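Single-structure report; data block below.
The values are calculated or read from the model by the stated rules, or taken from the named source; none is laboratory data. Everything numeric here is computed off the predicted structure, so don't read it as measured data. Positions of Cβ are backbone-derived with ideal geometry, glycine not excepted, and every protein chain shown enters the neighbour counts. These area figures cover heavy atoms from the full protein model, side chains too; ligands, DNA and RNA do not enter into them. Shrake-Rupley method; radii C 1.70, N 1.55, O 1.52, S 1.80 Å.
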Amino acid sequence: MNNWRSYILGFLCIVIVFYEVPSSHTNATGAPSGYSGSVSDLQNTCETCHSNNIVNSLDSNHVLISSELDYLAHYNLGQSYFFAITASSFMLNKFGFQACVENELGEKIGTLVIADAIQTQLVGDGTYITHTQSGSQAIGLSTWVFNWIAPLSQQGDAVLHTSVLFSNNDGTTQGDQVLYESRTFAEPNFGCTDLEAFNFNPDNDLEDGSCLYSLNSETLSLSFQNLIVSGSFGEELEIQLNVHNTSDESLLVQASRMPTQQSTPTNWFCWGACYTPSVSESASSLEISSGSYLDEFSGHLIAGLNPGNYPIEYCFYTENAIDDSICATVTYKVLGDVYGCIDPNALNYNGSATLDDLSCILFPTPLWEFSESYGGIHSIALNTDAVITINDSNISVGDWIGVFYETDSGLVCAGYTLWLGENVNLTVHGFDPESEQGFLLNDEFIWQVWDASEGVSWPMIATYSPLQPNNQYFQIDGFSSILAMSNINPISSQDFDIPNGWSIFSTYISNLDMNAMTLFEPIVDDLIIVKNNNGEAYIVEYQFNAIGDFVNGQGYLMKTSLAVNLVFNGDYVKPIQFPISLQEGWNMVGYLYTESVHSAIVFEELLDQDLIQIAKDYQGNALIPGWEYNGLGMMNPGEGYQLKVNQQAILQY
């Protein structure tokens, strides 16, 4: 491992070179390899072909390099990482790039992977990534994205070298500017990372299987590297345990074996001598001097036909003191194919299965409406370091993540992915004039996650990386990155404390049955009458209902014989979707917000138009604009209000 640390993961280098179009000196096939500033490129950069010009050397020319590695202490071997390179200048409109990964010897390492085939391409036998013709043209800002898969073995820290060219687009290689930057990403340290191990090292990043553990009693202790050993059918699996004498005198120690499953394959142990599978306790004792240990114990198992885990307990004790024994349970894992349902989101998931037998019983896919847009795209990076949770638990493989825009008929999904626990670049489609679907410019992203194991679609709130050029709003050729996402518990009920006597009632909950008799059935023994603004009534004593169905946004006058509590269950109605029509004169209006808001804010538009003569609650607290008096104050969920206007109008929450 120390030898590996003598290597340095080479340099991921960026070079901006332009394409050949009639108005400028560019290369339509992308930047030629060999000018990345790396070791093998002899540190040649864009200045090899392009000369700097003071006129073009502007403070407004900037380069931003961002990656998932920005949030990590080190890269992981074999892991894929997302990179974004952004060049910006408010005066220029030609950009491009080239990237490679090398070690300190100038050898290409890792694998570059295309993430956007429209803007980027591979050159140099796939060892460089550069722009396409489309990827060189932008107005003031250009971003290229790609993935890099780290090497499978330790090769040192990763150094990202960036050489960026800003062209004046005059048809020559003269008068351009080159900016250079570098970034370093640490390699992982391998070693024991388990706090329980006695050779734990806090400087280690990744486990290498070298941890050593111990079990202790007053006189004996056991040390071992692992208590799990695995193998396939026919193999002999072996485990070794060291037995230590921690007392101040020599001890005679015996050993015993106890399988915990009746179906355990053939197994035996050795302690001084190897015993047959029928023997569970050593016939003789071995002497261990004070402060010393013996490494002569080994457990053995022949892997059988049936894959699975087979625990066996081994105990050590001094002569005639079996009750004071110290024991370790070793798990022998017999590998092989176990058929069953391997989908963790299925009802009949089998955690031991390794091959799918097509028996999975799955929840249905989400009932989302999907956009058929093929307009411009906005890329959103979702990586394995993003914390995506539902009720504080991480989402599972097989869950869906979707991004939506809002229409008059509801939410429409314009991009989604099936979560596989891997880095993914989610493509979001913009407005397509032909289908009239897709995100409009500056539309805000609305997120939902389909919990496949529960069959529930959760609204989500997302946290975005501030290092990316765009966040929660759609942009053509935009790029965002998600840091975290958590569910929003939807409003599905409303609780009412109804006073004794007369009051005015309203609700922001809607369900399939809004009949007045159904809604008030839980309090029918204490309810006397309910009336709407037209005087139509539900009279409980006579089981007479002239109101019919309740209407969200309307207020209802009601009388009870006692103070009662009532709960409505259903769906929350969005206030913006329920404009309330007001007739000239008196109206009873509902309150659709979930929190209390001051009446001056709720009625602001009507007050600005001098339409309100008086507004009051059931207690007589009034808002009288003509007197510049507001005794109404805060308006509250569950209450209704009487409102008198001098002409027809619309109350829009």
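How would region 492-553 be classified by its alpha-carbon gyration tensor: rounded, prolate or oblate, with rounded meaning a/c under 1.5 and the a/b versus b/c comparison settling the rest?
Rounded, because the longest to shortest axis ratio a/c is under 1.5.
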Translational D in µm²/s for region 77-193 (Stokes-Einstein at 37 °C, 0.692 mPa s, Kirkwood Rh from C-alpha pairs) | 210
Among Gly535, Val39, Ser506, the residue whose Cα sits farthest towards the positive end of the charge dipole of the chain, when +1 is placed on the Cβ of each Lys and Arg and -1 on the Cβ of each Asp and Glu, is Gly535
What spacing in nm lies between the two simple spin-label points modelled at Asn76 and Asp203, each 7 Å away from Cα in the Cβ direction?
-> 2.3
Percent of alpha-carbon pairs separated by more than 13 Å within region 596-647 | 54
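If each residue of separation counts as 0.36 nm, what is the full-extension length gain between Glu236 and Tyr542 once their alpha-carbon separation is subtracted? Let's see the in-between values first.
Working: separation 306, 0.36 × 306 = 110.16 nm, distance 8.54 nm.
Gain on stretching Glu236 to Tyr542: 101.6 nm.
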Take every Cα pair under 8 Å in the chain that's 6+ residues apart, average their separations, divide by the length, and report that relative contact order as a whole percent.
-> 8
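Using the Cβ atoms and a cut-off under 13 Å, what net charge is assigned to the surroundings of Gly304, where Lys and Arg are +1 and Asp and Glu are -1? Provide the component values of the computation, followed by the final result.
Details: positive: Lys333; negative: Glu235, Glu236.
For residues surrounding Gly304, the net value is -1.
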Quick one: net charge of Ala484's neighbours, Cβ under 14 Å, K/R +1, D/E -1?
-> -3
Test item: Cα-centred dipole of region 529-595, Lys/Arg +1 and Asp/Glu -1 on Cβ, debye | 80
About the Cα centre of region 343-433, how large is the charge dipole given +1 on each Lys and Arg Cβ and -1 on each Asp and Glu Cβ? Please answer in debye to the nearest 20.
-> 100
Per residue of the chain, what 222 nm ellipticity follows from adding -39500 (n - 2.57) for every DSSP H run with n ≥ 4, rounded to the nearest 500?
-> -500 deg cm²/dmol
In Å, descending, principal axis extents of the Cα set of region 513-631 | 43, 28, 26
Compute the accessible area per residue over the chain, keeping the other protein chains in place, probe 1.4 Å, unit Å².
-> 49
Heavy-atom accessible area of region 427-508 with neighbours in place, 1.4 angstrom probe: carbon+sulfur share in percent works out to 49
Can you pull the semi-axes for region 440-557, root of five times each eigenvalue of the Cα gyration tensor, sorted largest first, whole Å?
-> 46, 16, 13
So, in nm, how far is label Thr365 from label Glu454 when the simple model puts each one 7 Å beyond its Cα toward the Cβ?
-> 2.3
Residue among Ser66, Pro202, Gly548 farthest towards the positive dipole end of the chain, charges placed on Cβ | Gly548
Just how large is the dipole of the chain about the Cα centre, in debye to the nearest 20, putting +1 at every Lys and Arg Cβ and -1 at every Asp and Glu Cβ?
-> 1080
Give me the compactness ratio for region 219-270, meaning the Cα radius of gyration over 2.2 N^0.38 Å.
-> 1.45
Probe 1.4 Å - accessible area at Met258, Å² to nearest ten | 110
Relative contact order (%) - region 560-644, alpha-carbon pairs under 8 angstrom, separation at least six | 35
Separation of the Glu372 and Glu434 label points, Cα + 7 Å toward Cβ, nm | 1.1
Counting only protein heavy atoms with a 1.4 Å probe and every protein chain in place, the carbon and sulfur fraction of the accessible surface of region 236-355 in whole percent equals 45
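Counting only C-alpha contacts under 8 Å and six or more residues apart, can you give the relative contact order of region 437-498 as a whole percent?
So the answer I get is 31 percent.
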Region 116-135-region 600-653 distance, computed between alpha-carbon centres (Å) = 63
Vicinal HN-Hα couplings computed from phi for region 76-81 (Karplus, 6.51 cos²θ - 1.76 cosθ + 1.60; Hz; Gly/Pro x) | 10, 4, x, 7, 8, 10
If you wrap a convex hull around the Cα atoms of region 196-342, how much volume per residue is inside, in Å³?
-> 138
Quick one: how many lysine pairs does the chain have with C-alpha atoms less than 18 Å apart and a gap of 8 or more or different chains? Give me the count, please.
-> 5
Difference of contour (0.36 nm per residue) and Cα-Cα distance, Asn309 to Asp337 | 8.8 nm
Taking the Cα atoms of the chain alone, what are Rg (to one decimal) and Dmax (as a whole number) in Å?
-> 36.0, 107
Across 5 Å bins beginning at 0, the whole-percent shares of Cα-Cα pair distances in region 565-653 come to 3, 13, 26, 27, 18, 8, 4, 1, 0
Would you mind classifying region 317-435 by shape? Square roots of the alpha carbon gyration tensor eigenvalues, ordered a ≥ b ≥ c; an a/c under 1.5 is rounded, otherwise it is prolate if a/b is larger than b/c and oblate if not.
-> prolate
Set Lys and Arg Cβ to +1 and Asp and Glu Cβ to -1, take the dipole of the chain about its Cα centre, and tell me which of Pro307, Met460, Ile612 lies farthest positive.
-> Ile612
For region 377-408 and region 170-191, compute the distance between their C-alpha centroids and round to whole Å.
-> 32
